[in-house]
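Everything on this sheet refers to the single structure shown next.
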Amino acid sequence: MTSKKLGERLKKAREEKRLTQRELAIKVGLSDKSISIYEKGKVYPPIRNLLILSRELDVSISDLLTD
């Protein structure tokens, strides 16, 4: 799984919830810049952040990471 593909899946899940990056960031206690970096696939989110994001977006980590 590339960070780019993970980013695309995070973005899709966020958009399905009709959240902006800023709204999601506030809900999970991260910066909107972090959300942007993850969605662009520049870096993998730390496991802790991935857990928080998957819960908020109602998507399993397996769905995010599995090709």
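The values are calculated or read from the model by the stated rules, or taken from the named source; none is laboratory data. Not measured: the values here are computed from a predicted model. When we count neighbours, we look across all protein chains shown, and the Cβ atoms used for this are built from the backbone with ideal geometry, even at glycine. For the accessible areas, the whole protein counts, side chains as well, though only heavy atoms, and no ligand, DNA or RNA atoms are used. Shrake-Rupley method; radii C 1.70, N 1.55, O 1.52, S 1.80 Å.
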#### Entry: Where a residue in the range 22-46 is at positive phi and its partner, wherever it lies, is among the acidic types (D, E), with Cβ under 9 Å and at least six apart
G41/E8
### Query
When residues of the range 14-67 are filtered for being closer than 15 Å to S3 by Cβ and basic (K, R), how many remain?
2
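Residues in the range 14-25: is at least one in a helix (DSSP H, G or I), open to solvent by 50 Å² or more (accessible area, probe 1.4 Å) and in contact with an Asp or Glu (Cβ under 6 Å, 6 or more places away or on another chain)?
Of the residues in the range 14-25, the ones in a helix (DSSP H, G or I) are 14-16, 21-25.
Next, only the ones that are open to solvent by 50 Å² or more (accessible area, probe 1.4 Å) stay: 15-16, 21-23.
Now restrict to residues that are in contact with an Asp or Glu (Cβ under 6 Å, 6 or more places away or on another chain): 21-22.
Checked against the condition, which is being in a helix (DSSP H, G or I), open to solvent by 50 Å² or more (accessible area, probe 1.4 Å) and in contact with an Asp or Glu (Cβ under 6 Å, 6 or more places away or on another chain), the range 14-25 yields at least one hit.
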#### Entry: Conditions (1) open to solvent by 30 Å² or more (accessible area, probe 1.4 Å); (2) assigned to a helix (DSSP H, G or I); number of the one not met by S36
(1)
### Task
Filter the range 44-67 for residues that are assigned to a loop (DSSP other than H, G, I, E, B), of a type outside the set (S, T, Y) and within 14 Å of E8 (Cβ to Cβ) and give the result.
P45, V59, D67
### Failed criterion for T2 (all others in (1) of a type in the set (V, I, T); (2) open to solvent by 20 Å² or more (accessible area, probe 1.4 Å); (3) under 14 Å from E56 (Cβ atoms) hold)
(3)
